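Notes for the one structure printed next.
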């Protein structure tokens with residue numbers, strides 16, 4: 001089957017996925033940055049309108065990973081966080097917490113999908129990413145530490161997660177020491 005694109009005949013493109021999943025993707029979807037920008041802009045409008053679920057669904061249209069896979073959930077969470085960053089820069093900070101909650105839900109789903117597929121690396125990736133979100137967007141040190149520790153139990157070789165955990169533990173210890181010192185004065 002051929003497709004007429006911009007006056008040229010183009011054959012469908014078969015994209016090779018890391019997990020050897022092959023799907024036919026239209027040339028327009030693969031090459032159209034305008035499409036991605038339009039989808040992202042629509043998601044931004046939905047998020048500003050306090051509809052994070054609809055924003056997530058819109059962003060998920062851009063995912064390359066197989067639907068409902070661990071990678072798909074992680075990819076969706078990453079898109080949600082980019083959107084949250086964009087909104088924060090634009091001054092729409094009130095939309096960020098709901099997007100963070102959506103991203104954390106996707107990461108929980110990613111961990112469950114990875115567990116079902118016996119993909120320990122993906123489970124660890126989901127936990128480490130959740131740790132980052134708890135730390136950066138929620139300021140929840142305890143949840144971040146727990147997520148990083150869970151990620152390291154799953155994949156003790158992950159240097160990035162180990163460094164994040166050690167950095168947060170050191171920072172937490174310094175803050176607690178300062179707090180205790182201030183209480184004694």
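Taking the criterion of being assigned by TED's automatic domain parsing to the domain that holds residue 58, touching a residue at least 40 places away in the same chain (Cβ under 8 Å) and not in a helix (DSSP H, G or I), would at least one residue in the range 154-176 satisfy it?
Checking the range 154-176: not a single residue is assigned by TED's automatic domain parsing to the domain that holds residue 58, touching a residue at least 40 places away in the same chain (Cβ under 8 Å) and not in a helix (DSSP H, G or I).
Checking residue 90 against (1) in contact with a helix residue (DSSP H, G or I) (Cβ under 6 Å, 6 or more places away or on another chain); (2) within 19 Å of residue 137 (Cα to Cα), which single condition isn't satisfied?
Here residue 90 meets the rest and fails (1).
Here is a yes/no grid of residues against (1) at pLDDT 95 or above; (2) closer than 13 Å to residue 83 by Cα:
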position: 20; (1), (2): no, no
position: 24; (1), (2): no, no
position: 29; (1), (2): no, no
position: 36; (1), (2): no, yes
position: 47; (1), (2): yes, yes
position: 55; (1), (2): yes, yes
position: 59; (1), (2): yes, yes
position: 69; (1), (2): yes, no
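Any residue that is over 15 Å from the mean Cα position of the chain (by Cα), within 15 Å of residue 40 (Cα to Cα), assigned to a helix (DSSP H, G or I) and assigned by TED's automatic domain parsing to the domain that holds residue 139 - is there at least one of those in the range 72-85?
Checked against the condition, which is being over 15 Å from the mean Cα position of the chain (by Cα), within 15 Å of residue 40 (Cα to Cα), assigned to a helix (DSSP H, G or I) and assigned by TED's automatic domain parsing to the domain that holds residue 139, the range 72-85 yields no hits at all.
Please work out if residue 140 is under 27 Å from residue 49 (Cβ atoms), free of Cβ contacts under 8 Å to residues at least 24 places away in the same chain and surrounded by 14 or more Cβ atoms within 10 Å (Cβ to Cβ).
It is true that residue 140 is under 27 Å from residue 49 (Cβ atoms), free of Cβ contacts under 8 Å to residues at least 24 places away in the same chain and surrounded by 14 or more Cβ atoms within 10 Å (Cβ to Cβ).
So is residue 176 surrounded by fewer than 16 Cβ atoms within 10 Å (Cβ to Cβ) and either on the phi > 0 side of the Ramachandran plot or at pLDDT 95 or above (or both) or not?
It is false that residue 176 is surrounded by fewer than 16 Cβ atoms within 10 Å (Cβ to Cβ) and either on the phi > 0 side of the Ramachandran plot or at pLDDT 95 or above (or both).
The values are calculated or read from the model by the stated rules, or taken from the named source; none is laboratory data. This one's a predicted model, so the numbers in the text were calculated from it and none came from an experiment. FYI the Cβ positions are ideal-geometry reconstructions off the backbone, even for glycines, and counts take in every protein chain you see.
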